[in-house]
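Shown next, in structure tokens, is the structure this report addresses.
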2 protein chains.
Amino acid sequence: MPTVPSADTTAPAVDVADVTALLERGRALAMPELRAAVARLAPPMDTVAAYHFGWIDAEGRPAAGDGGKAVRPALALLSAEAAGVAAEVGVPGAVAVELVHNFSLLHDDLMDGDEQRRHRDTVWKVHGPAQAILVGDALFALANEVLLELGTVEAGRATRRLTTASRKLIDGQAQDISYEHRERVSVEECLEMEGNKTGALLACAVSIGAVLGGADDRTADVLEAYGYHLGLAFQAVDDLLGIWGDPESTGKQTWSDLRQRKKSLPVVAALAAGGPASERLAELLAADAVTESDDQPAAGGDSDGFTEAEFATRAALIEEAGGRTWTEAEARRQHAVAVRALDAIDMPDRVRAQLVALADFVVVRTR
Amino acid sequence: MPTVPSADTTAPAVDVADVTALLERGRALAMPELRAAVARLAPPMDTVAAYHFGWIDAEGRPAAGDGGKAVRPALALLSAEAAGVAAEVGVPGAVAVELVHNFSLLHDDLMDGDEQRRHRDTVWKVHGPAQAILVGDALFALANEVLLELGTVEAGRATRRLTTASRKLIDGQAQDISYEHRERVSVEECLEMEGNKTGALLACAVSIGAVLGGADDRTADVLEAYGYHLGLAFQAVDDLLGIWGDPESTGKQTWSDLRQRKKSLPVVAALAAGGPASERLAELLAADAVTESDDQPAAGGDSDGFTEAEFATRAALIEEAGGRTWTEAEARRQHAVAVRALDAIDMPDRVRAQLVALADFVVVRTR
């Protein structure tokens with residue numbers, strides 16, 4: 001199990017009930033607004049988007065999809081409270097960040113050829129590639145619309161931060177794709193990619209509510225620093241789950257990241273470690289790169305020629321070379337940096353404790 | 001030739017030299033800023049975008065691509081002057097509108113399976129579908145970034161108008177795709193789709209410079225009305241070129257729109273006209289729809305099973321049913337509405353004359 005025990009840190013134990021309540025509040029406040037925004041889309045995009053969010057099934061019948069963990073909406077509401085305004089002020093920010101996040105999921109699933117997300121067929125599988133592109137575009141545009149129609153100076157500042165984060169997100173996906181086709185990726189390159197792909201939007205989620213509430217740039221920057229490192233911790237755990245996660249929990253295939261030749265943290269750390277297991281892993285990956293060299297991304301990045309046993313061998317080599325242990329430690333390091341960043345600004349004690357609890361939750365999750 | 005003679009209207013004759021100079025000024029002022037913006041993209045997206053704009057060839061060598069007609073930048077600069085400020089004030093607007101326009105071209109070419117644009121292979125053909133998606137996303141994000149980093153209240157208002165236009169553009173593409181798979185589309189539905197797909201962004205181009213120059217909402221709305229109807233005139237001519245255009249001029253295949261089963265204006269007008277040619281056309285298109293029913297868009301919307309003679313038959317039936325004549329008249333009608341809209345606001349006489357000259361140019365162009 002890729003949970004990261006916190007016995008060796010001084011972080012407080014996670015108050016699960018509190019985190020559950022925070023995530024639930026995020027859903028309760030943001031989801032009605034998110035649904036209202038999505039309902040503005042012209043048919044059939046509204047239906048395709050509703051399928052993506054898990055609100056309806058492939059036949060259009062209402063479904064009880066959970067729409068993901070909803071960490072970002074919870075953070076956007078806490079962000080407003082960190083700036084001393086009501087959680088509700090953060091709602092348009094929560095909706096905008098969720099829209100950008102889901103725009104990227106729709107496009108990434110198509111580019112990566114991923115057929116499953118959250119235990120369901122992905123949009124391009126069900127509704128075709130064109131709808132996946134189009135609805136992704138529409139959600140991205142809608143994100144800016146939801147903010148800018150507030151018509152305030154703060155909304156303009158929030159949109160600017162969201163746009164910067166979106167560009168980094170796209171840069172990160174470009175790096176992720178190019179790394180799949182490279183034999184060697186350094187740990188630093190991987191961390192930069194993950195900072196762009198995951199850190200930037202989580203950082204924006206944690207600053208956007210405060211910005212909408214009139215916080216100054218310094219407060220927003222400090223909150224972004226917390227969010228950025230939280231994102232790196234989040235992604236380190238995701239990388240562990242991408243190899244050793246339980247498909248029942250993650251909703252993805254076994255060895256999901258290995259199937260796609262992702263140069264995720266455990267892989268690059270194992271390759272950088274040196275030693276027999278590291279070298280054997282490098283040989284196997286180099287051989288894969290040769291046999292897959294005529295591969296085209298978008299709809300099918302799978303290493304379908306491999307058996308379960310071959311993936312198990314790669315996973316075992318990564319673990320033996322120390323890639324798993326290093327990534328678990330990295331999740332704890334980023335968690336600690338995130339929590340420490342909060343010391344630089346004043347905020348209500350309750351909000352600070354809740355941001356810490358959310359950070360704890362992110363590193364112990366199993367999906 | 002699908003040129004629309006203006007002999008039966010009272011519009012002034014086009015001053016070709018003047019329009020050429022206007023387009024050239026738009027290019028000269030906006031292109032360096034556009035190149036600087038695109039250069040910010042992370043590799044390999046910067047290279048892919050440079051290929052798309054025609055600045056380099058598929059091997060990365062510098063190329064003398066013209067990057068299209070550049071009508072939108074010319075309009076954005078005139079827009080600033082219409083509000084009484086220097087043309088240069090409109091430059092970030094010109095760049096942002098060009099970025100959104102090219103985002104939509106990248107994604108539409110992939111969704112429509114178009115292999116050629118401006119006499120060159122499209123991005124998805126050369127660099128793969130993933131890069132076409134990713135670079136489109138990046139240009140869309142960059143458009144908002146270019147405006148919002150101005151940091152002014154006017155920039156926020158301009159971004160809001162651009163976002164609204166972008167959403168309409170996406171709605172229009174969704175309608176366009178869904179119409180290809182429908183047997184009947186009314187003239188009204190087609191005009192609504194073309195208003196979204198072409199009118200909205202041209203409208204934004206004509207208002208964005210003025211908004212950046214501090215124009216009030218009424219001035220911006222009037223300029224948008226001119227731009228919207230100009231867009232409908234532009235699209236009517238495009239629809240004529242899509243069937244009867246010279247591939248040498250357009251850079252597209254012969255019968256381009258018929259190959260893709262586009263329900264463009266000449267087609268829907270012919271179907272709505274009634275009479276023997278209209279009915280025969282309806283029978284042929286209904287038969288096409290049945291044989292193509294298992295068709296999936298994205299990479300391949302072509303009716304490849306048809307011969308040149310079969311496309312020629314369809315084109316002849318559209319013309320016989322009156323679809324061509326009706327669309328030529330529609331281009332003139334929309335041109336007249338556009339020009340008349342300008343009467344509602346004050347602006348320098350020279351700027352008004354140039355906006356009229358650009359409108360004239362749009363309806364007589366052959367590419």
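FYI, it's all coordinate maths here, none of it is from the lab. None of these values were measured; they are calculated from a predicted model. Backbone-built Cβ (ideal geometry, glycine too); neighbour counts: all protein chains shown.
Ordering A:LEU169, A:GLY322, A:VAL268 by the projection of their Cα atoms onto the charge dipole of chain A, which places +1 on the Cβ of Lys and Arg and -1 on the Cβ of Asp and Glu, puts A:LEU169 at the extreme positive end.
The calculated FRET efficiency for B:ALA316 paired with A:ARG35, based on their beta-carbon distance and R0 = 45 Å, is about 0.35. When only the Cβ of Lys, Arg, Asp and Glu is charged (+1, +1, -1, -1), the dipole of chain A relative to its Cα centre reaches about 740 debye. With a cut-off of 13 Å between beta carbons, the residues surrounding B:VAL146 carry a summed charge of 0, where Lys and Arg count +1 and Asp and Glu -1. In the elastic network of chain B, a GNM with C-alpha springs shorter than 10 Å, the most mobile of B:GLY323, B:GLY156, B:GLY227 is B:GLY156. Between copies, the label points of B:ARG40, set 7 Å from Cα on the Cα→Cβ line, lie 2.4 nm apart, reported in increasing order to one decimal in nanometres. Inter-copy label distances at B:THR152, shortest first and taken from points set 7 Å along Cα to Cβ: 2.4 nm. A Förster radius of 56 Å, combined with the Cβ-Cβ distance separating A:ASP216 from B:ALA286, puts the computed FRET efficiency at roughly 0.30. Relative to the longest principal axis of the Cα atoms of chain A, the long axis of helix A:91-112 lies at roughly 20 degrees.
Look at the dipole of the protein assembly as shown built from charges on Cβ: of A:LEU110, B:LEU110, B:ILE56, the Cα furthest out on the positive end belongs to B:ILE56. When you restrict to C-alpha pairs under 8 Å that are six or more residues apart and normalise by the size of the stretch A:16-364, the relative contact order lands at 20 percent. Once you divide the Cα radius of gyration of the protein assembly as shown by 2.2 N^0.38 Å, the number left is 0.99. Each Lys and Arg Cβ is given +1 and each Asp and Glu Cβ -1; about its Cα centre, the protein assembly as shown then shows a dipole of about 1300 debye. Extending 7 Å from Cα along the Cβ direction at B:GLU188 and again at B:ARG340 yields two label points whose distance is 2.0 nm. Which lysines have a Cα lying under 24 Å from the Cα of B:LYS263, excluding residues fewer than 8 positions away in the same chain? In chain and number order, the partners are B:LYS168, B:LYS197, B:LYS252.
Which of the GluC sites (Glu not before Pro) found in the stretch A:193-298 are loop residues per DSSP with 12 or fewer other Cβ atoms within 10 Å of their Cβ?
none
Taking chain B as the reference, fit the longest principal axis to its C-alpha atoms, fit the long axis of helix B:129-148 to the helix C-alpha atoms, and give the angle between the two in degrees, 0 to 90, nearest 10. Once rounded, the angle reads 30 degrees.
Distance to the B-onto-A rotation axis is smallest for one chain B Cβ; residue and value in angstrom are B:GLY156, 2.
With its label point defined 7 Å out from Cα along the Cα-to-Cβ axis, A:GLY60 lies at 5.0 nm from the matching points of the other copies, in increasing order.
Scaled against 2.2 N^0.38 Å for its residue count N, the alpha carbon radius of gyration of the stretch B:16-364 is 0.98. Spin-label model, A:ARG350 to A:ALA58: label points 7 Å out along the Cα-to-beta-carbon direction sit 4.6 nm apart.
Take the Cα of B:ALA309, step 7 Å toward its Cβ, do the same at B:ALA86, and the gap between the two points is 6.4 nm.
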